[in-house]
Each structure stands twice: as C-alpha cells, then as structure tokens.
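Enquirer: Dumping the structure here so I can ask a few things about it.
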Amino acid sequence: MENMYLTRKVIRKLPGAIMKTVPIPDPEIIEGFGCRSQIGNICRESGFDTVLILTDRRLCDLGYLQAVEKSLESEGIRYEMFDGINTEPRLEYIETGRSIALGSNAKCIITIGGGSVMDTGKMVASGCRLKHLPVDMFLQKFLIVPGKSLPVIAVPSTAGTGAEVTVGAVITQRNGGKFASVIVGLDVHTVFLDSELTLRAPWNITASCGIDALSHGLEGAVADVKSSEEDIEKSRRCVRLVLENLPKLKKHPEDIAARGAMCLAANLGGNAINKQLAGYVHAFAHSIGAKYHIPHGKAIAMCLMPVLRSQIDASAGQLSELAHFCGFNSVDALFNSLESLIALCDLDLDGSIVAPEDFKELSIDIAKDSVNYSAPMTFPRRQILSILSEINKQK
C-alpha cells in the first residue's frame, strides 16, 4: 500500500501526459428532440451506403429504432441490425457485431443505447480494422487501430456516461472479469444528442446517470492536468447544467429542454474523461461498486462529497473558480448545493454496506485504481481509510 502511494506520487502527471498523445474524436454534435431522424441524411452525405446498427432489445420494443430505420430507408441506405446487447459489453457481442459488419461490408457502425452499447460499438468499429485478430486480443491497455476505426455514429439513450465520445471501453472478459482499454484511432463521426430517448427513463435512472455526469465534470474541473481554457469551461458547464436541470426533472420528468440539457452535460462530461481523466471519486466508486455490486451512479453518489471534502485544500483555487462559474459566492455554497442535489436523488445511500472489515482490501484497490487518474493530490492510506469511514457512516 505504501509502495502504491509512492508510485502515484512519482507518476501522478503521467496518465494525463499519456492521454495527450491519444487522438481524441472530434465528432459533429447534433442536438434536439427526435434528431435521430437525420441519420439517413448524414449517412448519404458521408457515403455510408451500408451500415450496422448496434442496440438493445428494450429500445427496439419501445419503438425508438423506427425513426432511424425509416430515415435510412428513405435515403436508400442498406442496414443490418444486432439488437442483442442486453448486458454489460462482452467479447461475444463484439465477435457477433464484427462478423455481421464484415459480412455486410458495413461502412459505418451506428450505436443506439447506453454505455454498454456504446462501448461494444467502439470495439466492433475497431475490430473491423483488425480483422486478422481474434477478439480476445482486443483486451489491451492501449488498443492501437491502424489508421482509424470504422466510423461510428453514436446515439446515446442515457444522459450520464458520455461514452459516445470517450476513447475508453470497458469489456467483460469470458471469465466475468472486466478489462478497460483505450482505443487509439477511434473515429466517432457524428453524435446525436436526442433527448427523446431519455424521456421515459424512471427517476432513479435519470438521477444516477445525472450524478455520474456531474462527477465527470467535477473531477475534470479540479484535475491535475494542464488543460485548455475551452476544456476547463466544458467541465464547468457540465457541472452547472446538471445543477440547474436535474432538479427540474424530479418535478417535471417530461421537461424536454431539461432533458436536452442533461444530454449535453453528459457529452461534456465525456470530454472531461478524455482530456482530464477522472479522480478519486471514481477510484472509490469503482472499488466499492465492484465489491458490493452497487450500480455505478449510486456508488458515485456515495463517494462524491467525502472525496471532494478530503481534497479541498489541494483544489481550493479550482473549486473557487467552479463555484463562481456556477453562480455561487463560495465553495461552501457550491458544496451545499451538491449535497442538496444528491439528497434530492433519493438513491438510498446507506453507507453501512461498506463494512469496516473490508476497509483494508478496499484501500488497496482504491490506491491501485487511482494510479490511472489525475486527482489533485495523492491520498495516503490513512486518508483513504478515513474517507471509507465517512462513507460507512452515511445514511
């Protein structure tokens, strides 16, 4: 554990420096309720005469694919569909998707769904350029795609992960374990932020996705990475959009403008992941979520404030600027607003599940995971244990 602390202290700038060498997608962003009906036009203009649609059965049953199919058919675009991505991304899904794409000579992969569909689609698009490799060989820390991947048109159905633009993909291995890859050469051609797809989401899904997006913006805003002013502002906008619009959806879930704003917030959060990485909020949430099988958004909500408060001295200046950007006169006022929002989400944050007898194991996992990120400081073991204790006391 002490060695991990020293390792992170020494290489804390390295993850951010490495990510600056990875080509980041710069897709066209199309926003608006029902905007996915423009997909056929984009495919025609781009020369994508044959495409593969990757999605899940639930979205098909809700009728959300009909507008896409009609759009493609009206422009004479041939398409195949694989709607079997009904769990977290798996190698089997990538294998099937690649086989269909290569068999139909698809010129583009259209992904419609949540983070699992997005990650699967990114790997399928990459795998089509690596046709000589078995899919098990895709599980590399940096998956290098010669030239670029097959183009991806992404239509997220949730407003949280930002996976439609991130170069990372988390895949479930055949033994059930998870593996995270960074795709070098990912080509995301167009992103459709269609708020209609999020309209029927129940409050707990809307809330947990919103908190996930919020965490991406927050950690991006305080990251120990040299960022452009544009990227810093995008992270701050992500935070402000969530603070302003997520409470509106608690009272008025059919507020189309607020739904659209949350889609944009998630997308801006994805930019933060690409450019500024995550931090200890995610290191804690990943470890706690994996240990106790807690959904990611809920785990983030449990960890967010204890981690932010523990690193407040190291990020005081950045937090002050963020508070001002969001319309608050102090960091305390910003924190009060964040705490109120988390309470509003009703995610049942009973921290007693994080048992003291597991603290040692969790602290090791958290320290290991943190090496991949750009947090504003390095937590020693005693501080990690102290934060776990705070999480345990939450009700």
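Enquirer: From Cα pairs below 8 angstrom and at least 6 apart in sequence, can you work out the relative contact order of the chain, rounded to a whole percent?
Expert: 18 percent
Enquirer: Same structure again: List residues of region 199-232, by number, whose backbone nitrogen lies under 15 Å from a label position 7 Å along Cα→C-beta of residue 248.
Expert: 199
Enquirer: Each label point is 7 Å from the Cα along the Cα-to-Cβ direction; what then is the distance between the points at residue 175 and residue 389, in nm?
Expert: Result for the modelled spin labels: 3.6 nm.
Enquirer: Starting from the residue with the highest accessible area, list 96, 172 in decreasing order, probe 1.4 Å.
Expert: From most accessible down to least: 96, 172.
Enquirer: Kirkwood Rh over alpha-carbon pairs of the chain, then Stokes-Einstein at 37 °C and 0.692 mPa s: what D in µm² s⁻¹, rounded to an integer?
Expert: Translational diffusion coefficient: 154 µm²/s.
Enquirer: Would you please calculate the Kirkwood hydrodynamic radius of region 140-255 over all C-alpha pairs and express it in Å, rounded to one decimal?
Expert: Evaluated on region 140-255, it is 16.2 Å.
Enquirer: Add -39500 (n - 2.57) for each DSSP H run of 4 or more in the chain, then divide by its residues: what number comes out at 222 nm, to the nearest 500 deg cm²/dmol?
Expert: The per-residue figure over the chain is -16500 deg cm²/dmol.
Enquirer: Of all beta bridges DSSP finds with both residues in region 151-219, what is the antiparallel percent, to the nearest 5?
Expert: Just about 60 percent of them are antiparallel.
Enquirer: Relative to the present Cα-Cα distance, how much length would full extension add between residue 44 and residue 228 at 0.36 nm per residue of separation?
Expert: Extending this stretch completely gives an extra 62.8 nm.
Enquirer: Which whole number in µm²/s is D for region 209-322 by Stokes-Einstein, with the Kirkwood Rh taken over Cα pairs at 10 °C and 1.306 mPa s?
Expert: Reported coefficient: 111 µm²/s.
Enquirer: Could you work out Rg/(2.2 N^0.38 Å) for region 247-389, with Rg from alpha carbons only?
Expert: Output field value: 1.10.
Enquirer: Between helix 280-292 and the chain, what is the angle of the helix's C-alpha long axis to the longest principal axis, kept within 0 to 90° and rounded to the nearest 10?
Expert: Rounded to the nearest ten degrees, it is 80.
Enquirer: For region 31-84, go through all pairs of different Cα atoms, get the mean of 1/r, take its inverse, and jot down that Kirkwood value in Å.
Expert: It works out to 11.4 Å.
Enquirer: Expressed in nm to one decimal, what extension gain is obtained for the pair residue 87 and residue 132 from 0.36 nm per residue of sequence separation less their Cα-Cα distance?
Expert: That pair, residue 87 and residue 132, stretches by 13.5 nm at full extension.
Enquirer: If the limit is 26 Å between Cα atoms, which of 122/234; 234/368; 291/393; 141/368; 141/395 go over it?
Expert: Over 26 Å apart, Cα to Cα: 234/368; 141/395.
Enquirer: Take the chain, connect every pair of alpha-carbon atoms lying under 10 Å apart with a spring to form a Gaussian network, then pick out the residue of 94, 288, 256 with the largest mean-square fluctuation.
Expert: Largest GNM mean-square fluctuation: 256.
Enquirer: Can I ask one more? Mind ranking 231-238, 34-41 by how tightly packed they are, going by the mean number of other C-beta atoms within 10 angstrom, highest first?
Expert: By packing density, highest mean first, the sequence is 231-238, 34-41.
Enquirer: To the nearest 10 degrees, how steep is helix 2-11 against the longest Cα principal axis of the chain, on a 0 to 90 scale?
Expert: Approximately 60 degrees, to the nearest ten.
Enquirer: Under the rule of at least 5 residues apart or a separate chain, name every residue whose amide H is placed under 5 Å from the amide H of residue 178.
Expert: Hits under the 5 Å cutoff: 173.
Enquirer: For region 265-320, report the translational diffusion coefficient in µm²/s to the nearest whole number, using Stokes-Einstein at 4 °C, 1.567 mPa s, and a Kirkwood Rh over Cα pairs.
Expert: 106 µm²/s
Enquirer: Of all beta bridges DSSP finds with both residues in the chain, what is the antiparallel percent, to the nearest 5?
Expert: Taking every DSSP beta bridge within the chain, about 20 percent pair in antiparallel fashion.
Enquirer: Right, something else. So for region 74-184, what are the equivalent ellipsoid semi-axes in whole Å, largest first, each being the square root of 5 times an eigenvalue of the Cα gyration tensor?
Expert: Whole-Å semi-axes of the equivalent ellipsoid: 20, 17, 14.
Enquirer: Amide H neighbours of residue 113 under 5 Å, counting only residues 5+ apart in sequence or on other chains, H built in-plane at 1.01 Å?
Expert: When sequence neighbours closer than 5 places are left aside, the close amide H contacts are 155, 157.
Enquirer: Amide H neighbours of residue 184 under 5 Å, at least 5 residues apart or on other chains, H built in the peptide plane: list them.
Expert: Long-range HN contacts for residue 184: 143, 144, 145.
Enquirer: Straight distance only, please: which aspartates and glutamates reach the Cα of residue 248 with their own Cα at less than 15 Å, same-chain residues fewer than 8 apart left out?
Expert: Of all the aspartates and glutamates, those that pass the test against residue 248 - Cα under 15 Å, at least 8 places apart if same chain - are 346.
Enquirer: A further question on this structure: Could you sort the peptides 99-105, 190-196 by per-residue average Cβ neighbour count (10 Å cutoff), highest mean leading?
Expert: The densest-packed peptide leads the list: 190-196, 99-105.
Enquirer: Between region 85-122 and region 266-280, what is the C-alpha centre distance in whole Å?
Expert: 23 Å
Enquirer: Now a separate question. Starting with the highest mean, order 351-358, 156-163, 388-395 by the number of other Cβ atoms within 10 Å, averaged over the residues of each peptide.
Expert: 156-163, 388-395, 351-358
Enquirer: Further question: Leaving ligands, DNA and RNA out of it, work out the accessible area of residue 298 with a 1.4 Å probe and give it in Å² to the nearest 10.
Expert: We get 50 Å² for residue 298.
Enquirer: Let me see the pair-distance distribution of region 141-203: every alpha carbon pair, 5 Å bin width, integer percents in order.
Expert: In order of increasing distance, the bins hold 4, 16, 19, 20, 17, 15, 7, 2, 0 percent.
Enquirer: Among rounded, prolate and oblate, which fits region 62-128 when a ≥ b ≥ c are the square roots of the eigenvalues of its C-alpha gyration tensor, a/c under 1.5 means rounded, and a/b larger than b/c means prolate?
Expert: It comes out oblate by the Cα gyration axes.
The values are calculated or read from the model by the stated rules, or taken from the named source; none is laboratory data. Because the structure is a prediction, the values reported are computed rather than measured. Ideal geometry is used to build each Cβ from the backbone, glycine not excepted, and the neighbour counts take in all protein chains shown. All accessible areas refer to the heavy atoms of the entire protein, side chains included, with ligands and DNA or RNA removed. Shrake-Rupley method; radii C 1.70, N 1.55, O 1.52, S 1.80 Å.
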